[in-house]
Amino acid sequence: MKKVAIIMGSDSDLPVVSKAADTLKEFGVPFELHIYSAHRTPVEAKEFSENAKDNGFGCIIAAAGMAAHLAGAIAANTTLPVIGIPMKSKYLDGIDALLSTVQMPSGIPVATVAIDGAVNAALLSIEILAVSDETLAQKLMAKRKADTQKVLEKNAAAEKQFNN
Ligand code: RP5
């Protein structure tokens, strides 16, 4: 199976981004996690993305906050799909990172999830790998069904409490 790369701009992103790692673990998807910054360690970020395909990766998740150009900078150096996670920061609540990540000019796409959307980033990366992996696709379907069942159980409890 191809690996997923989780790259983040700073260790301060780790508490949120570790949820992506947890989700990949839940699905048994192999991954690597690295702290590479587009501006603090630009050489390492470039080298990683240039070699990611040859190194067995199928998708890259890139999380960054503030003037968040990490996902775009990584996408510039690979044709692997890149999923950007805009990180919430203390000044602009993540709107800065959201716009920096989502507003990629034509030619270099970044699939952007919600602010701090680490779980969905992981799920999207799994969906990408599952296009050519039927076992993984079935695991995704099983998870959807289990999540649906949980909501239906909550609905039944709420209906019982509030409806005549
Ligand atoms: C970005 O700047 C990082 O992704 C992080 O979200 C933000 C702040 O980084 P630190 O100053 O906390 O290292 O590059």
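List of remarks:
- If you wrap the Cα atoms of the chain in a convex hull and average its projected area over all directions, you get 11.5 nm².
- The calculated FRET efficiency for L92 paired with E47, based on their beta-carbon distance and R0 = 30 Å, is about 0.45.
- Kirkwood Rh in Å, taken over all unlike Cα pairs in segment 1-97: 13.3
- Sites E127 and N55 - FRET efficiency at Förster radius 25 Å, r taken between beta-carbons, to 0.05: 0.70
Every number here is computed from the coordinates shown, using simple stated rules; none is lab data. Only a predicted model underlies this, so the values are computations on that prediction, with no experimental measurement involved. Please note: Cβ atoms are built from the backbone with ideal geometry, for glycine as well, and neighbour counts cover all protein chains shown.
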